[in-house]
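Beneath this line is the structure, given in structure tokens, with notes to follow.
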Amino acid sequence: FAVGNKSDSGVYNVQNIASCEHDGYYKGEFLNPDGLEESVRQTIAESGYRGKIGKLYVGVPTDFVKVRNNHVKNAYRSSRTVTDDTLDELYARGNIFDGDADYVPINCSARGFTLDNKFRCVNPVYELATYIDADLTYILCSKKFCAMIERVAAAIGVKKVSYVSSFWATCVQLLPADVRETGAAVCDIGFSNTSFGIVVGDGMECAASKSVGGANIAGDLYQILDIPY
């Protein structure tokens, strides 16, 4: 749990931060969902934060997300300046995933834009174009995961929750923009879970997870060599 902000110069200021151990999840299922609320309360208390939480941002593990891509094109009668509203319109048109029975869209980002069939970029805002071709990535989160988190949030007095794919956030923050423009493979090996994905621009070509991590290596050595875990 952390509380902070980002300055105009791009510096992260963290006022409160803490973590605590929890049974976690395995193969897409939380091992101790009933104990999650107490773990969250304990972590917030240990951070020293005593204020109200207006909005809580929750990082979603790859086990609980799906990556879907879509292609959206738009032509205009005359050349116009691309704005944030232009992009919002493209994102809205490309979102064909609201009808999924088990997942809900939580994020949309662009792998890239092609303007007038010749100029390729990740952020076209303030550029002139009569034709926009958008390669978009949508990240969907398990509705079961959202329901569980929202029960915990309500119990601790939080009314608004926003979900972010932890793996996507790591990819776009870890790699420089010029590396992501051409595409990069990222492998995140954790304790009992490994995530892999291809990041392009601000979006992803794909992402997947496997319930195998560093703990499995230690466990194998422990069993085969008969040494302390």
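The values are calculated or read from the model by the stated rules, or taken from the named source; none is laboratory data. All values derive from a computational prediction rather than experimental measurement. No Cβ is skipped: glycine too gets one built from the backbone with ideal geometry, and neighbour counts run over all protein chains shown. For accessibility, only protein heavy atoms count, side chains too; no ligands or nucleic acids. Shrake-Rupley method; radii C 1.70, N 1.55, O 1.52, S 1.80 Å.
Other residues whose C-beta falls under 10 angstrom from the C-beta of residue 116 contribute a net charge of -1, scoring Lys and Arg +1 and Asp and Glu -1.
Using only side-chain charges placed at the Cβ, +1 for Lys and Arg and -1 for Asp and Glu, the dipole size of region 30-86 relative to its Cα centre rounds to 520 debye. Largest mean-square fluctuation among 120, 50, 93, in a Gaussian network model of the chain whose springs join Cα atoms under 10 Å apart, belongs to 50.
The charge dipole of the chain, taken about its Cα centre with unit charges on the Cβ atoms of Lys, Arg (+1), Asp and Glu (-1) only, comes to about 600 debye. For region 174-214 and region 115-143, write down the distance between their C-alpha centroids in whole Å. Cα centroid of region 174-214 versus Cα centroid of region 115-143: 21 Å apart.
Given contacts defined as C-alpha pairs under 8 Å and at least six residues apart, what's the relative contact order of region 6-106, whole-number percent?
Rounded, it is 19 percent for region 6-106.
Largest GNM mean-square fluctuation among 77, 180, 68, using the chain with Cα springs under 10 Å: 77.
Rolling a 1.4 angstrom probe over the chain with all protein chains present gives an accessible area of which 51% lies on carbon and sulfur atoms. Mean residue ellipticity at 222 nm from the helices of the chain, using -39,500 (n - 2.57) per DSSP H segment of n ≥ 4 over the full residue count, to the nearest 500 deg cm²/dmol? The helix-only estimate for the chain comes to -8000 deg cm²/dmol at 222 nm. Note on region 48-183: dipole from Cβ charges, positive end direction compared against 104, 69, 152; the farthest Cα belongs to 152. Within region 1-46, report the GluC sites (Glu not before Pro) that DSSP leaves as loop and that have at most 10 other Cβ atoms within 10 Å. Answer in residue order: 21. Overall shape: oblate for region 128-229, with the ratio a/c of the largest to smallest alpha carbon gyration tensor axis at 1.5 or above and b/c at least equal to a/b.
Can you give the accessible area per residue of region 93-229, in Å², using a 1.4 Å probe? For region 93-229, the solvent-accessible area averages 54 Å² per residue. Considering only beta bridges that DSSP places wholly inside region 35-176, some 80 percent are antiparallel.
For region 60-164, chymotrypsin sites (Phe, Trp or Tyr not before Pro) meeting the loop criterion (DSSP other than H, G, I, E, B) and having at most 14 other Cβ atoms within 10 Å: 126.
Each other residue within a Cβ distance under 9 Å of residue 131 adds +1 if Lys or Arg and -1 if Asp or Glu, for a net charge of -1. If you take all other residues with their beta carbon under 15 Å from the beta carbon of residue 38, and give Lys and Arg +1 and Asp and Glu -1, the sum is -3. Taking Cα centre as origin and charging only the Cβ of basic (Lys, Arg, +1) and acidic (Asp, Glu, -1) residues, the dipole magnitude of region 1-121 rounds to 800 debye. Cross-link reach is defined here as a Cα-Cα straight distance under 22 Å, omitting same-chain residues fewer than 8 places apart; for residue 27 the lysines meeting it are 66, 143, 144, 210. Positive-end ranking of 51, 79, 177 along the dipole of the chain, with charges on Cβ about the Cα centre, is headed by 79.
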